[in-house]
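The values are calculated or read from the model by the stated rules, or taken from the named source; none is laboratory data. This is a predicted model, so every value here is computed, not measured. Only protein heavy atoms, including side chains, enter the accessible area calculation; ligands, DNA and RNA are left aside. Shrake-Rupley method; radii C 1.70, N 1.55, O 1.52, S 1.80 Å.
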Amino acid sequence: MRAPRLSIIPARAATDRELKPRDLQVLCVLGRHTDELGWCRRSQVKMAREMDCARSTVQAAIGRLTRQGYLEQFHQETESGRDSSHLYRVILDPIHEDVSTVQLEETDREDNSPSCETSSKLACRSVGTPADVSAPPAGPESAPPAGPESAPMLTTPLNDPLLKEREGACEREEVKPEPPPVKHLPPAKSNRVFNSLMDGWPGDRGSSPRNAMREFEKLTPDEQLTALELRDDWIALLRSQGRTLFPAPSKYLADKLWLAVPKGFRNPEHAAKNEKASPFGKMWGAIRFADLMREPYGHFPAIPGALQAIFEKGGDLAEREKRSRMAKYGWPKVKTMHERAVSGRKGVVSVPALEALTALFVEVHRDSSAWIAWRDLHEKKGWPWFGPDRDCPEWVWMPAPPDDPGAYRTPFDAVRAALARFEMEHAKLTERQAAE
């Protein structure tokens, strides 16, 4: 069955500022199915399906159209008392006085003959009355002869000088350009930037993640990245001023407090020899593995129904999917490090407190058996991997085992011993820093 080609609606609705775009869409959908008097019967459920929206949205639009005088609706019930599809009438013309009311008033006249004023009302087209109202009969007298003067010109929208003048004025008005669309970071990257911004915030006074996220989403992508980049410098600036209490992240984002960081100011804590940890280097690797020592802290989105069914069934497939999901969302800081390192070979700010752990690292070739063993170990633990091998440099610094790698039975045993050594040294370092 072909779809309707036309939709008949009042032209004034196209420029009515009181209507919302969804209201006009509902009116157009109804106008596709009306008869010559504007009537149609439509299901709100089907209309919502046609417009790909909720039924409540359609109901709200119909309510506004009815209040603005564009639509009439009539509730219908079946013989069983259940609701059926409603009747709607698209009001194409202004509503005049009801003919039935005029006739009722005229029946009280003694001579039962309509006055001239009433006759003119009956001659008007009556909107909203039944279609079977008969026109008044013509009188037996002949029409009066035409006078010598010329007939008055009927003013129409085509020859109305005032209307043309108004249209010309509208065309001369300066058209304001529409603002450019707001760009946003991809959802996954936006979540990682936000989590990195919130991670390690000094103090927890008033640190509401919900309020911070609301202010974070109001920023442009460049502002979001700059807020993360200058966060540590801003904290160091406040500490250099003797501040011990810090504003909440929501205030930091809402007031754009990172703009207070003077140009050229650097965090004294990061002014060590390796201020910037080069990607895939020793300090970069120490920061990366130190973050992986934490429990997963990222934001995990809702589990889709199909994936939930796999989890409930269990088995090897379920375990693989759980590890894959954890690698994708569990450590947003590590994911951000990978993206920056692969996309533009950008490093991260050095952490002098981890300098002692860099002595545990050795270079590993990306085509070696040790590289493959490290990749397998990451997959087994549910950790994020660097990505495709082609995006990594030829040599990458990774933790070394306590003995010669050749002393182990397999490369996997060697990298597992290297990771255990790093975990032990990292735990000792954390305890010493806590004691200090």
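Listing for the model above:
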{"read-out": "Apportionment of accessible area to carbon and sulfur, region 236-345, percent (1.4 Å)", "value": "52"}
{"read-out": "Surface per residue (accessible, 1.4 Å probe) for region 285-436, Å²", "value": "55"}
{"read-out": "Which of Arg64, Arg375 is most accessible, then next, and so on - probe 1.4 Å", "value": "Arg375, Arg64"}
{"read-out": "Long pairs among Lys313/Lys381; Lys20/Lys251; Lys282/Lys380, criterion Cα-Cα beyond 31 Å", "value": "Lys20/Lys251"}
{"read-out": "Area accessible to solvent at His365, 1.4 Å probe radius, in Å²", "value": "40"}
{"read-out": "Area accessible to solvent at Phe74, 1.4 Å probe radius, in Å²", "value": "90"}
{"read-out": "Contact order relative to length of region 254-364, as percent, for alpha carbon pairs under 8 angstrom and 6 or more apart", "value": "46"}
{"read-out": "Spherically averaged projected area of region 284-436 from its Cα convex hull (nm²)", "value": "10.9"}
{"read-out": "Accessible surface of Leu259 - all protein chains present, 1.4 Å probe, nearest 10 Å²", "value": "130"}
